[in-house]
Amino acid sequence: MSYTNYFSIRSYTLQSRSHHHCYHQLVIPLQGSIELTVGQFSGLAKVGDCVVIRAGQVHEFSANQSARFVVVDTDSLPASLIDATLQKFCIDPSLLSFVLYVEQQLNQTANQQLERAMFELLLELLNQQSFTKQIDRRIEAAISAIEENLSANHPIEQLASTACLSATQFKKLFKQHIGTTVARHITTLRMNKARALLIHTDTPISIVAEQVGYLNSSAFSRQFKLSFGDSPSAMR
């Protein structure tokens with residue numbers, strides 16, 4: 001692939017950086033979140049989002065070093081994005097699953113033919129996305145609070161307070177924007193982080209379990225296998 005039709009797995013730092021480039025870029029978080037200012041958008045992009053940075057756009061960004069992203073550099077955007085004015089949109093679960101697969105492949109092998117096929121499929125899947133869904137900032141604030149400490153309990157009342165909503169309003173608005181319940185979304189975030197820790201670090205499984213909120217390693221292993229089909233030890 002040419003330099004401008006290329007994707008990679010990247011991490012950034014908390015030190016804010018600003019630059020621009022002559023090609024388009026798509027940033028898709030895999031773990032954690034990133035603070036971005038580009039065009040009319042200034043805010044947080046997290047797992048489940050895609051940020052569009054058009055050629056020549058100055059953008060400023062910072063992220064915790066533990067966060068990871070698929071970054072797509074391309075000389076042409078998917079057709080559906082060419083005339084769109086949005087800078088950030090939500091991707092559907094099937095595309096997120098494919099992006100996680102891309103991460104695993106890029107971490108395991110360097111095969112240009114495979115990378116080219118994955119790159120073209122990724123662009124086509126992006127081309128099929130719906131861009132109408134926007135997440136309420138109050139819900140984004142609650143999700144950020146969850147992501148900052150996945151090992152903690154997150155009572156609905158506390159999250160609702162963060163979102164400046166009643167518990168009933170919060171649960172209804174959360175499901176409307178995220179498409180699932182608060183508890184299920186927290187489990188998904190925890191399992192994705194656990195998977196990343198198992199693949200990319202040598203942290204003992206019992207510690208991984210604690211870091212994502214499970215004091216019981218057996219309960220953690222059961223949930224992990226339900227989520228990914230493999231036990232934590234098999235995934236590692």
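Laboratory data are not the source of any read-out in this text; all were calculated from the coordinates shown. Source: prediction; values computed, not measured. Cβ placement follows ideal geometry from the backbone for every residue including glycine, while neighbour counts extend to all protein chains displayed.
Rounded, prolate or oblate for the range 21-64? Axes are the square roots of the Cα gyration tensor eigenvalues, ordered a ≥ b ≥ c, and the cut-off for rounded is a/c under 1.5. List each step's numbers first, then the result.
Details: a/c = 2.04, a/b = 1.58, b/c = 1.29.
Prolate, because a/c is 1.5 or more and a/b exceeds b/c.
Across the chain the C-alpha pair distances fall into 5 Å bins from zero in the proportions 1, 6, 13, 17, 18, 18, 13, 8, 4, 1, 0 percent. Local charge sum around Val212 (other residues, Cβ-Cβ under 15 Å, Lys/Arg +1, Asp/Glu -1)? Taking every other residue near Val212 into account, the sum is +4.
Here the Kirkwood formula, the inverse mean of 1/r across different C-alpha pairs, assigns the range 5-127 a hydrodynamic radius of 14.6 Å.
Local charge sum around Ser76 (other residues, Cβ-Cβ under 14 Å, Lys/Arg +1, Asp/Glu -1)? Intermediate results must be reported in sequence, preceding the final value.
Values: positive: Arg54; negative: Asp73, Asp75, Asp83, Glu120, Glu124.
In short, -4.
Pick out the long, greasy-scoring helices in the chain: whole DSSP H runs spanning 20 Å or more along their own axis by Cα, mean Kyte-Doolittle at least 0.0. Correct list, ordered by number: 93-108, 112-127, 182-200.
A simple rule links phi to the HN-Hα coupling: the Karplus curve 6.51 cos²θ - 1.76 cosθ + 1.60 with θ = phi - 60°, which for the range 49-63 gives 10, 9, 9, 9, 10, 7, 3, x, 6, 6, 9, 10, 8, 7, 7 Hz, with x for Gly and Pro.
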